[in-house]
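Okay, structure first, notes after.
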Amino acid sequence: MSDTKRIKMSGPLIGTHSGHFHADEALAVYFLRLLPEYKNSELVRTRDPERLAPCHTVVDVGGVYDDATKRYDHHQREFTTVFPKHSTKLSSAGLVYLHYGKAIISECTGLAIDSADADLLYWKLYDDFVEAFDANDNGVSAYDPNALRSAGIERKFQDKGFSLASVVNRINYSHPVPAFAASASISTNGTASAGAVTEKLSPEQAQAVEDERFLKASQFVGEQFISELMDKFYSWLPARAVVKQAFTDRLSYDPKGRIMVVPHRPEGVPWADHLYALEKENNTEGNVLYVLFAENGEADSKWRIRSVSREAGSFENRKDLPDAWKGVRDEELSKVSGVPGGVFIHASGFIGGNKTFDGALAMAVKAADM
């Protein structure tokens, strides 16, 4: 039987390979379909060059990278393309993003494709999302395994089943599922559920299930990208100016600049990325130890104290809140800290609270001096 399956819609024909699929081509196909010209494109899944030839755009198969002919494969031996200012070789996801990322961001946000904000998001989404797809598909680890072994650093737990790539890998499986779970599966073509057992299916039905699984994987990773993009557009991007002002004002709260106060905004203020960038720009890396923010926008809001992580995503802080305060609450906290209005300090020392801004600031100053 031919390994070709055309998922019928209309528009420029997109081709990718059949068989076991990975997160990168699932995302690449989703990227293309975010663009108006590909919105209703048919998808052909095959490894047959003759059947790929008529395709308008081909990703992750064919052995050719050529933007002029819309061929985006990265498996050929001579392939070395990376995203600008990066070292990770691109996968099909990165290749499509390289050429279409700004257009995708413009389409999803309404920003002008040549605007400074669209450019910022283009780089940010590659750094925070797309590069991990490229690295995973090309077998690149976030840390040098040899260096970790040489340093005697051992893994504390297994996280290989935790990534988006691992979810996509599981979607490939044809193992039986519990009846109640199978009944909840959504079939997009009405022929067979993606959760069905394929052993008793005809080759055509089995191919239909495989293609349906691919579409499920593509939708899954695509939704994660959209969620990341919208968060960056509606929250991270507007926060830049807010955090910059807070960074400038920090010396008014602590002469040494160790405490930054972030004003409340209903949509939130993701401050960490911007703080690290501002410190780097001003040659003050590691200076800010604590960030203060209100729990809500009311005048009588309680205030939180957050220890700044050593780096983005780290559970290690530049300076924990004092050990004697950890896990202590209310009046007992006020006693051990010497600051009235204590609410709590988390047992790990990364966050705490006070009933007032003045109380939170006093606690932060004391913690910084200890």
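The values are calculated or read from the model by the stated rules, or taken from the named source; none is laboratory data. This one's a predicted model, so the numbers in the text were calculated from it and none came from an experiment. Ideal geometry is used to build each Cβ from the backbone, glycine not excepted, and the neighbour counts take in all protein chains shown. Only protein heavy atoms, including side chains, enter the accessible area calculation; ligands, DNA and RNA are left aside. Shrake-Rupley method; radii C 1.70, N 1.55, O 1.52, S 1.80 Å.
Taking the listed residues Ser337, Ser348, Ser309, Ser314, the one that is touching a helix residue (DSSP H, G or I) at 6+ places or on another chain (Cβ under 6 Å) and among the polar types (S, T, N, Q) is Ser337, with no other qualifying.
One line per residue, one yes/no per condition, for (1) part of a helix (DSSP H, G or I); (2) hydrophobic (A, V, I, L, M, F, W, C); (3) touching a His at 6+ places or on another chain (Cβ under 6 Å):
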position: Glu78; (1), (2), (3): no, no, no
position: Pro84; (1), (2), (3): no, no, no
position: Ala103; (1), (2), (3): yes, yes, no
position: Ser106; (1), (2), (3): yes, no, no
position: Ile113; (1), (2), (3): no, yes, no
position: Asp119; (1), (2), (3): yes, no, no
position: Gly139; (1), (2), (3): no, no, no
position: Lys160; (1), (2), (3): no, no, no
position: Val167; (1), (2), (3): yes, yes, no
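Go through Ala118, Ala112 for me and flag whichever is open to solvent by less than 70 Å² (accessible area, probe 1.4 Å), farther than 14 Å from Asp24 by Cβ and under 22 Å from the mean Cα position of the chain (by Cα). Outline the logic, then answer.
On the way: Ala112 fails: under 22 Å from the mean Cα position of the chain (by Cα).
Result of the check over Ala118, Ala112: Ala118.
Filtering the range 243-271 to residues that are within 24 Å of Leu111 (Cα to Cα) and buried (at least 17 other Cβ atoms within 10 Å of the Cβ) leaves Val243, Val269, Pro270, Trp271. When the range 199-214 is filtered for residues that are open to solvent by 40 Å² or more (accessible area, probe 1.4 Å) and part of a helix (DSSP H, G or I), the ones remaining, listed by number, are Pro203, Glu204, Gln205, Glu210.
Answer yes or no: is there a residue in the range 17-26 that is touching a residue at least 12 places away in the same chain (Cβ under 8 Å) and of a type in the set (D, E, K, R).
Initially, the range 17-26 is screened for residues touching a residue at least 12 places away in the same chain (Cβ under 8 Å), giving 17-26.
If we keep only those that are of a type in the set (D, E, K, R) as well, we get 24-25.
Taking every residue of the range 17-26 in turn, at least one turns out to be touching a residue at least 12 places away in the same chain (Cβ under 8 Å) and of a type in the set (D, E, K, R).
For the range 141-158, give me each residue that is in a helix (DSSP H, G or I) and of a type in the set (A, V, I, L, M, F, W, C). Hits for the range 141-158 are Ala147, Leu148. There is at least one residue in the range 175-191 that is open to solvent by less than 50 Å² (accessible area, probe 1.4 Å), among the aliphatic types (A, V, I, L, M) and either modelled with pLDDT under 95 or over 22 Å from Leu229 (Cβ atoms) (or both). A count restricted to the range 58-83 and to residues that are closer than 17 Å to Glu131 by Cβ and open to solvent by 60 Å² or more (accessible area, probe 1.4 Å) stands at 1. With the condition kept exactly as written, say whether any residue in the range 7-20 is modelled with pLDDT of 95 or more, open to solvent by 50 Å² or more (accessible area, probe 1.4 Å) and not in a loop (DSSP other than H, G, I, E, B). No, the range 7-20 has no match at all.
Scanning the range 221-239 for residues that are among the hydrophobic types (A, V, I, L, M, F, W, C), open to solvent by 20 Å² or more (accessible area, probe 1.4 Å) and within 17 Å of Lys39 (Cα to Cα) gives a single hit, Ile226. If the condition is being among the hydrophobic types (A, V, I, L, M, F, W, C) and more than 26 Å from the chain's Cα centre (by Cα), then the range 19-42 contributes no residue at all. If only residues of the range 86-101 that are open to solvent by 30 Å² or more (accessible area, probe 1.4 Å) and either in contact with a helix residue (DSSP H, G or I) (Cβ under 9 Å, 6 or more places away or on another chain) or not in a loop (DSSP other than H, G, I, E, B) (or both) are counted, the one that is farthest from Ala142 (Cα to Cα) is His99. Taking each residue of the range 308-327 that is among the hydroxyl-bearing types (Ser, Thr, Tyr) and looking for partners that are surrounded by 12 or more Cβ atoms within 10 Å (Cβ to Cβ) and assigned to a strand (DSSP E or B) with beta-carbon atoms closer than 7 Å, six or more apart or interchain, yields Ser309/Asn317.
Screening the range 272-325 for residues that are of a type in the set (Lys, Arg), in contact with a Ser or Thr (Cβ under 9 Å, 6 or more places away or on another chain) and open to solvent by less than 60 Å² (accessible area, probe 1.4 Å) and picking the one that is nearest to Met363 (Cα to Cα) gives Lys319.
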